[in-house]
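None of the figures in this text is laboratory data; all of them are computed from the coordinates on show. Remember, it's a predicted structure, so these values are computed and weren't measured experimentally. All Cβ positions, glycine included, derive from the backbone under ideal geometry; neighbour counts span all protein chains shown.
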Amino acid sequence: MAHRWVVGVVAVGLVAVPGGGVARAEGVGLGVVVRHVGEIAVQDVVAQPGSEPDTLVEPDVAVSPVDPDVAVAVFHDGRFPDGGAVAIGYAWTHDGGRSWRQAPLPGVSVATGGTAPRVSDPVVAFGPDGTVYVSTLLVSLGCDSGIAVSRSTDGGRTFGAPVIAHQSADCAVSDDKNWLVVDNGRFSPHRGRLYQFWTEFLTDAAGTTTGSPQMVRWSDDRGRHWGPVVAISESDVVTQGSQPMIRADGTITDTYVNFGDDAGDEGPERPGQGAAARAEDEEEEGLLLVARTSRDGGRTWSAETPIADDISDGPDGVRCCVPSSAIDPVTGRMYATWDSADPGAVRMSTSRDGRHWSEPVQVNRDDREGVEHVNVDVTAYAGRVLIQYGSRDTTVANGQFLQQFGQISTDAGRHFGRAIPLGPPSDLRFAAQARGIFLGDYIGSASTAGRAYLVWCRSSAPPDPTATFHQTLYAAVLRI
């Protein structure tokens, strides 16, 4: 049964602060108003043995291209500390974020009528006709792994049975970090095509990662059937985290992290498989963010173009921080954002063609010593760019509290206003755990004319004082 949530109206961006009271959001003078902010989902599937009860993790959100009042968010429902979740949940609004309803995504995990023991990495996207698609990673307790795509034709109220978009049954191959986009380009020969991206981890007989290329396949019939599997990057290079963007003419640019030939901290979402220790030089120098472009519907891809070499994989003790990329569907400008290995910096680079990227600019101003950021995400529409991230000061209460912020640029990313606090802070003592504090490897942002939808997971003291976890889904709707 779906649960309904009514979200508060915040006309001038007021948020709670630790110890009580409120703080006025800075930067609202740019014409930004936080219209709604609040909790929109809690765990609504039964916890399973070994899972962390009362934990929602790793959200994404999309807004309909045909109705700005319609948006859908997706998330892990009941996280396992060693990989995957009990189910995938979704929440939808048809009134511009004033109220939301939530329900479990049917047919993807055993808990919701499917066959996968665990599920992970939910991603949501809209097609040009308002159809909603959700991509889910299917996590096996053995060798099988795969990706399913679910479809809704009623704006996210209900979803049909999932279709398998890709599956591997070889113990030497493990699929991970799926990402789904739809070609909504006005002049594209592939308008309406679904592109399913993922990382394919390859291992030798000893279980050592030998490479993890980015992969893609596509569907031209709304996810019913899927075309050939195409490797975007080389099989002997370790990569992760595709963030594809599609221009109006159908050209695709995919950004991802290139780890070189050292897997470092990276590994597939497979229960019981630990990750190697982080390489010392990676932590000091940062990782490489790159881009490749396809002009023929994903069949062939250009050589890599470097974007930045200071990509951080997150603060110590926190699992997080896949870089985020998005395209402005009106102007065609692309934006890549990341948490920098330079402590305290959130950075962004832009491009018009996917091959030439600007020198990175720093978005945030809270770069004083002791400040850390978690999960940077970007969305853009008609020259207005919105970046959200979590921020904590490790010199206060040992970094116990994490505040979500948004920053807006009204001039295509040249300048950003001051940070706008969003909702009450997280108390990380009650966060999910997966090789560290785990709010998710990513968060979600989506924008349309005059409006942006943001989602993130917030941890706080549980209603039951004897409970260990309490992590729920929050959303904010901004007028921009």
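Observations on the structure shown:
- Signed unit charges on C-beta, dipole axis of the chain, positive-most listed residue PRO162, VAL86, GLY211: PRO162
- Fraction of alpha-carbon pairs over 18 Å apart in the range 57-190 - percent: 52
- Around THR158: net Lys/Arg minus Asp/Glu count, Cβ-Cβ under 14 Å: +2
- Among the trypsin sites (Lys or Arg not before Pro) found in the range 377-480, those both in a DSSP coil and sparsely packed, with 14 or fewer other Cβ atoms within 10 Å of their Cβ, are ARG414.
- Bins of 10 Å, starting at 0 and running to the largest distance - Cα pair percent for the range 58-118: 23, 43, 25, 8
- For the range 409-477 versus the range 205-245, the gap between their alpha-carbon centres in whole angstrom: 29
- Figure legend: label point modelled 7 angstrom from the Cα of GLN362 along Cα→Cβ; residues of the range 306-325 with amide N under 19 Å from it are 308-315.
- Relative contact order [Cα under 8 Å, 6+ residues apart], the range 3-479, whole percent: 15
- Residues in the range 316-332 that a label on THR395 would reach, taking backbone N under 19 Å of a point 7 Å out along Cα→Cβ: 316
- Relative contact order, percent, the range 419-480 [alpha-carbon distance under 8 Å, six or more residues apart]: 36
- Partnerless cysteines in the chain, where a partner means another cysteine C-beta under 4.7 angstrom, comprise CYS457.
- Where both bridge residues fall in the range 3-479, DSSP classifies roughly 95% of the beta bridges as antiparallel.
- Within-12-Å neighbourhood charge of PRO128 [Cβ basis; K, R +1; D, E -1]: +2
- Each part gets one Cα centre, and for the range 87-109 versus the range 123-180 those centres are 16 Å apart.
- Matching label, semi-axes √(5λ) of the Cα gyration tensor in Å computed from the structure shown, candidates (i) 28, 25, 24; (ii) 34, 25, 23; (iii) 57, 31, 18: (i)
- Sites VAL46 and VAL237 - FRET efficiency at Förster radius 30 Å, r taken between beta-carbons, to 0.05: 0.15
- The alpha carbon centroids of the range 366-393 and the range 296-324 are separated by 16 Å.
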